[in-house]
Structures are given as C-alpha cells and as structure tokens.
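Worksheet: the structure to be examined is printed underneath.
The values are calculated or read from the model by the stated rules, or taken from the named source; none is laboratory data. Note that the structure is a prediction, hence the values are computed from the model and not measured. FYI the Cβ positions are ideal-geometry reconstructions off the backbone, even for glycines, and counts take in every protein chain you see.
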Amino acid sequence: MIEELREKLDNAEVTSEELFNESLKKAHQYQDEYNSFVTIIDQYKIKKRADSILTGIPYALKDNFSTSGILTTASSNILKDYVPVYDATVYKKLKQAGAVLVGKTVLDELAMGGTGTTAATGLVRNPWDKERLIGGSSAGSAAAVALGIVPFAIGSDTGDSIRKPASYGGVVGYKPTYGRISRYGLFAFASSLDHVGVFTRCVKDAAIVTDIIKGQDSHDMTSLKDDNKTYAKEVDNDIKGRKLFYIKEICNLDNYKDSNDKELIETLTRFNELLDKCKDQGFIIEEVSIDKQLLEAIYPTYMTISCAEATSNNANLTGIQFGPRGQGNSIDEIIFDARTKGFSELIKRRFILGSYILQKENQEKLYLNACRIRRLIVDKITELFKEYDGMILPASGSGAPKFDDSSEKLSDRYLILENHMAIGNFGGFPSITIPYCFVNNMPVGVNITGRIMEDDVVLNIANKIEELTGLKGIKAGDTHV
Ligand code: GLN
C-alpha cells in the first residue's frame, strides 16, 4: 500500500526505478491470463524534482484518459491507432506529483457496459477466479490493483464503473463528489454523470490519491472549487454518533423469501452482520423505506439519460478527425462505414437508443421525463441526508458472476440491488466501495454514499468500517506468487 511504499522509498530500501520494474514484471507476467492492459509502458520516466507522497509510486490509468504521445484507445476499434496530443488533467497532476505510469488499462468499450467483456482490446478476467468476470467498465484498473501490479489505478464512473468492479475485485473503489476531480481529457460518456475516481487497496490510499488529483481546473467548467481539505488527515476522525441508513427494499431478507439463490442470501446475511459490528463501534444505523417504483426507475432512468448523452458526446467519432478512415463516395458513406466497423454491437445498440430518445418528438416524453425522475430520486436521498450522514448498501448481490452466468442478474429480482449505485451519479454524491466479505470464495463489497461535498466524511466512515471487515489490503496476487 502507498504509505508502506513511501516509507521504503524514503528509507532508501528501494528505489522508484526498482518499484517500477517490479510493477512492469508483474504487468507482463499477468497480461496473457488477465489482460489488464491495452498498453504497458516499458520505459521508466519520472519527473525528477517532484516531491509528494506519490513521487516514485507506480500506477495505472484507464485507457479513456488522454495521454499525449501514448496510444489511447478507450478499448474501441474506432480509436485503435489514436495517439492524443494533450494530457488529461489527472494524468498531468500525477506526473507533476512524480507518480510513474505503468500502463493504460482495458475498459468496456468507450466506458459503456459493466462486465469488462466488451473491449475491442479483449476481455478482462477476475484475478480471484479466471472463470469469472471482473466487472466494468474500469475492468483493467480494478484487475491491476487486485493483482498487486500497482498500488493504485485511475478509473471513471458514470453509473458504477469504479464501484462495481471494486466489489468484484476485492479492492477499494472511490468516486468523489461530481466535479471534485477535473474531467478534462477524460473521454466524455455521459457528461452529467461522468466522474473520475480511484482504485486502491485501502481507504487511506484512496484519500491520499484524491488529495493529489482533486481541485478546480480552468479547463473543466464543471470542476469544483477546492475544499482545501486533506482527506488523508481526516480518515481517522472519530465516528461516534454518525448516522447511516440502508434501504429496506434492497437489503431486507424478507424481500427474497422465495429465492433459492444461496449467494444472494449469504451476501445479505453477511451485510447484516457487518451492520451489527458497525453499531457496536458507535455508528447509528437505521432502516428506511423508499417507494419501490422510484427505486425500480433507477436503471431505466440511467439508461435513458446516459444513452442520450453518449450518443451526442460520441458524434465526433466519425473516422475523419481521428480513427481509421472509412470507405465510400460521400461523406455520409465514409462516416457510416467507419462507425459500422468501429463500434461493437453494444455501442451501436446504445447509440440507436440514444438517437431515438433525442428525436424531437420523443425528447419530452423520454429524455425530459428521465431527468425529472432523476430529480425525484436525488431529492429523496437528499432529504434523507438531512438526518443521516450516509447510506450503506451491498455493492452487489453476490461475488463476480462467471462468464457464462445465465442466472439473469438483470431480472426484476435484481433490478434494484444491482443498479442502485447510479444514485451516486444522479446526485453527484461521493461514494465508495470497500471489500467486506467473501461469498463462495469471491470478494463482495459494501458501498457507502454520502452528502454532496462531504468527501472527507465518506472516507472517514469507510475507513472505520474497513477496520471492522478484517479485509484491509487484501489482494488476489498473493495467491498467484
Ligand atoms: N454499467 C454501467 C453501464 O453499462 C455503468 C458504466 C459506467 O459507469 N461507465 O453504462
């Protein structure tokens, strides 16, 4: 973990070049089996005069962040040869802090999808069990941290793309308040929902990395004025009296009485045990009930808004400004050909949905209504946040599914349980997933979401809960070496 590495570097027990080479060796060693990376950077480069807690620490960056001079594909065929000419702010800040980039990680194409299986650059496997998926879209970043290749990795999160793979990969995944970290240079998916965030192996490390990359950026008009807090200093604060709620409709076992899904029952049982431990530690935890209709609307609302925004944002992927040029006699034919060859089925489906939603005659009924429902959901949670400091829920209903899983995770039964984390994107709330138990030998995460702007509080709560799980710092790589 970062603090240990810092100490070793400062005591000259190891050099940053040695750390980099070790990461590089693991990156190559695991690549064939797990496919975390689109590009591995084989050359050690460090900004010599940097002096920060991250100086000399290796890390990985999702391949939808612009890196000048380094191939950036977003795991899409339409960008397979794209080499950007400018740096994303996050990358620039990490460079300035002296962190060392080991590689660009695989994602579900253009960050759409939640399985880690739709990348044009190949599917990513779960480090805890190769027959299972790791989840997405930040699949490679989650796998690289879970394998211990790097102590931290950067991801993006539009619906749950950091927090879901964190759950499946047994690592910490944190998405701060909307605008806390600049998105300049992050390929836009759905701008009103997109967030930059981090994967680490403990909560304190998530705070350490966020401290370095947060802050206002003149290149991103949605970025927030810095709160001038140092989250790493706040994580150990006392939590006595902090109030959390969980949603009855999602985690009360009575809802699943007729289910014979053993993994789901075990996940929820272990969740209830965790709540008891939290209460012993001084947290106040209460059950609240939310209109089921509203909760069931989360997923369709997310799809409506994100497909509409994605269709508009990605209209520049024509194969003309960048990407392989299509064939044809007219501009329309050229673009048609480039986009037909450049996108997978999933992307095409979403663009068709998005175009339909954005058609003039559908805008009011579909897009604007989805925005209204989003507002109702956010208002409900904000109202609860008047009384509670945070919401605690399982990040998934089981460990990672197998690649050929046909248990219908998208069926009605799982609709809310598997999709509630989009609430964090709807409201821009800070939200973190940390490992809390193993079910059927696979890790499962718990998610904590807090009030907007209160990143310090969410990290503090998560840090205290992490102490109770006994799973701080776990990594799948241990079982491989
Ligand atoms: N799984 C969600 C989707 O399919 C979330 C993706 C994301 O957060 N980037 O769009």
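On inspection, residue 362 passes the criterion of being assigned to a helix (DSSP H, G or I) and polar (S, T, N, Q). Of the residues making up region 297-322, just one is over 15 Å from residue 192 (Cα atoms) and touching a Phe, Trp or Tyr at 6+ places or on another chain (Cβ under 6 Å), namely 322.
When 294, 244, 224, 274 are checked against the criterion of being closer than 23 Å to residue 168 by Cα, modelled with pLDDT of 95 or more and surrounded by 15 or more Cβ atoms within 10 Å (Cβ to Cβ), a single residue qualifies: 274. Would you check if residue 164 is crowded, with 23+ Cβ neighbours inside 10 Å, outside any strand (DSSP E or B) and either more than 16 Å from the ligand (Cβ to nearest atom) or under 13 Å from the mean Cα position of the chain (by Cα) (or both)? Taking the combined requirement at face value, the residue satisfies it. Screening the candidates 197, 159, 185 for the property of being more than 15 Å from the ligand (Cβ to nearest atom), under 19 Å from residue 110 (Cα atoms) and either modelled with pLDDT under 95 or of a type outside the set (S, T, N, Q) (or both) yields one hit, 185. Looking across region 389-436, the residues that are within 16 Å of the ligand (Cβ to nearest atom), modelled with pLDDT of 95 or more, over 14 Å from residue 135 (Cβ atoms) and of a type outside the set (S, T, N, Q) come down to 420, 422, 423, 424, 426, 427, 428, 429, 430, 432. When region 67-77 is filtered for residues that are surrounded by fewer than 22 Cβ atoms within 10 Å (Cβ to Cβ) and small (Gly, Ala, Ser), the ones remaining, listed by number, are 68, 69.
Checked against (1) surrounded by fewer than 24 Cβ atoms within 10 Å (Cβ to Cβ); (2) under 22 Å from the mean Cα position of the chain (by Cα); (3) in contact (Cβ under 8 Å) with a residue 40 or more places away in the chain, residue 63 passes all but a single condition, namely (1).
Being within 21 Å of residue 445 (Cβ to Cβ), without any contact (Cβ under 8 Å) to a residue 12 or more places away in the chain, acidic (Asp, Glu) and more than 16 Å from the ligand (Cβ to nearest atom) is a property that residue 258 lacks. Does region 95-133 hold any residues that are under 18 Å from the mean Cα position of the chain (by Cα), closer than 30 Å to residue 56 by Cβ and more than 13 Å from the ligand (Cβ to nearest atom), and which are they? Residues satisfying the conditions are 103, 104, 105, 106, 124, 125, 126, 127. Taking the criterion of being free of Cβ contacts under 8 Å to residues at least 24 places away in the same chain, farther than 12 Å from residue 310 by Cα and in a helix (DSSP H, G or I), the residues of region 341-359 that qualify are 345, 356. Taken together, the residues in region 199-245 that are within 28 Å of residue 1 (Cα to Cα) and part of a loop (DSSP other than H, G, I, E, B) amount to 16.
Of 237, 314, all but one fail to be in contact (Cβ under 8 Å) with a residue 24 or more places away in the chain, under 30 Å from residue 358 (Cβ atoms) and not charged (D, E, K, R); the exception is 314. Exactly one condition in (1) more than 16 Å from the ligand (Cβ to nearest atom); (2) at pLDDT 95 or above is not met by residue 311; state its number. All conditions pass for residue 311, except number (1).
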